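S.K.: Okay, here's the structure, questions in a sec.
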Amino acid sequence: MQVTTPAPVVLVTGAAKRLGREIALALAAGGWRVAVHYRSSEQDAINTVAACAGKQGDSALFDADLGNETDVNGLLLRVVTRFGQVDAVVNSASAFEQDDAASFCFATLEKHLRSNTGAPILLAQALHAHLASRNAKGENLARGAVVNLLLGYPDPSARLAEVLLDQRVMCGVGNVYRCEVLWATELSPYAPVGALSEHDAIRVVNTAARMLRSNLHHAKRITEPSVKGGLAVYGRNVQRCSRCADTIKCRRMGEHLRLLYWCPGCQTHLDPKPERSSDDTPMDPHPAAQRWIADLPWNRDAG
Ligand SMILES: [Zn+2]
């Protein structure tokens, strides 16, 4: 007699849009039944369910406010009721609201803690309890997995050019590639990493991966075959940009003073122009910011 085991079930939080949706679709394509969680984007969640169903055949949507403990505690149980089991949770949903020294308050801190930390822990707890009960009922070694995603870089104001050299973020991207990746994606090296959309982030990663892959077996690095010499900006200080004919610039940047090459003419996407000066000073040179810093009570008193 042939025993067929049912397809495993995964709960993906924040699966209505963007990265969560892509994860849900990839898992459905891999044979998982997908529980699509959303909070307010119902129509997008319905679309994700339809797209998953097209790949795997069984998918359903679940709304829940991850900042609400009762909602979170009920979520996994609802998935079990619908599918009969849960085998994995992907914590993709997150709340990110920009705040700063002036607007910070406990209410925003708590909001982020609840949905970004509290909910993933409660869902892991619920999955553990569910697996324990399946094992107690005699299911042989039901195992589960929890995947936590964190899109946010610890310092959202960090400049993209420096983040690209952080090996925790982009393994394998050195100084040549970070300059070339930024040129290829038309992103300003001064863009604060927190301003990147998921679309931008995916473009950066894909471009870097493409360049690294195509150079695996060459001693001489070529990132832009269309440009004579193979590199678009690296080592081309004061030369003409092949894309916009502006003059390529070079500057030492960041903690390690690595040489950054970029084209100010076409690498303008997310460029925080008012916040940066022509030289690479660590202080925020914006006059309003300077005034604001000078006006802080401790600075005022000291002066
Ligand atoms: Zn250019």
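S.K.: I need every pair where a residue in the range 97-121 that is farther than 22 Å from N73 by Cα and without any contact (Cβ under 8 Å) to a residue 12 or more places away in the chain has its Cβ under 8 Å from the Cβ of a residue that is polar (S, T, N, Q) and surrounded by 10 or more Cβ atoms within 10 Å (Cβ to Cβ), sequence separation at least 6 or different chains.
M.R.: Between residues of the range 97-121 that are farther than 22 Å from N73 by Cα and without any contact (Cβ under 8 Å) to a residue 12 or more places away in the chain and residues that are polar (S, T, N, Q) and surrounded by 10 or more Cβ atoms within 10 Å (Cβ to Cβ), the close pairs are D99/T108.
S.K.: Report yes if P274 is more than 15 Å from V176 (Cβ to Cβ) and either surrounded by fewer than 10 Cβ atoms within 10 Å (Cβ to Cβ) or modelled with pLDDT of 60 or more (or both), otherwise no.
M.R.: no
S.K.: Looking at (1) modelled with pLDDT of 95 or more; (2) away from the ligand (no atom under 15 Å from the Cβ), which one does V204 not meet, given that it meets all the others?
M.R.: (1)
S.K.: Now for a different question. Would you pick out the residues in the range 226-247 that are out of contact with any helix residue (DSSP H, G or I) (no Cβ under 9 Å at 6 or more places or on another chain) and on the phi < 0 side of the Ramachandran plot? Break it down stepwise before answering.
M.R.: So in the range 226-247, the residues out of contact with any helix residue (DSSP H, G or I) (no Cβ under 9 Å at 6 or more places or on another chain) come out as 226-230, 236-240, 242, 244-247.
Within the range 226-247, S226, V227, K228, R236, N237, Q239, R240, S242, C244, D246, T247 meet the criteria.
S.K.: Among (1) within 30 Å of K137 (Cα to Cα); (2) within 22 Å of the chain's Cα centre (by Cα); (3) in contact (Cβ under 8 Å) with a residue 40 or more places away in the chain, there is one condition A28 misses while meeting the rest; what is its number?
M.R.: Unmet for A28, out of (1) within 30 Å of K137 (Cα to Cα); (2) within 22 Å of the chain's Cα centre (by Cα); (3) in contact (Cβ under 8 Å) with a residue 40 or more places away in the chain: (3).
S.K.: Restricting the first residue to the range 242-266 and requiring it to be in a loop (DSSP other than H, G, I, E, B), which pairs with a second residue that is of a type in the set (A, V, I, L, M) and within 9 Å of the ligand (Cβ to nearest atom) meet a Cβ separation below 7 Å and a spacing of at least six or different chains?
M.R.: S242/A232; I248/V233; C263/V233; C263/I248
The values are calculated or read from the model by the stated rules, or taken from the named source; none is laboratory data. All figures in this text were calculated on a predicted structure; none of them were measured in a lab. When we count neighbours, we look across all protein chains shown, and the Cβ atoms used for this are built from the backbone with ideal geometry, even at glycine.
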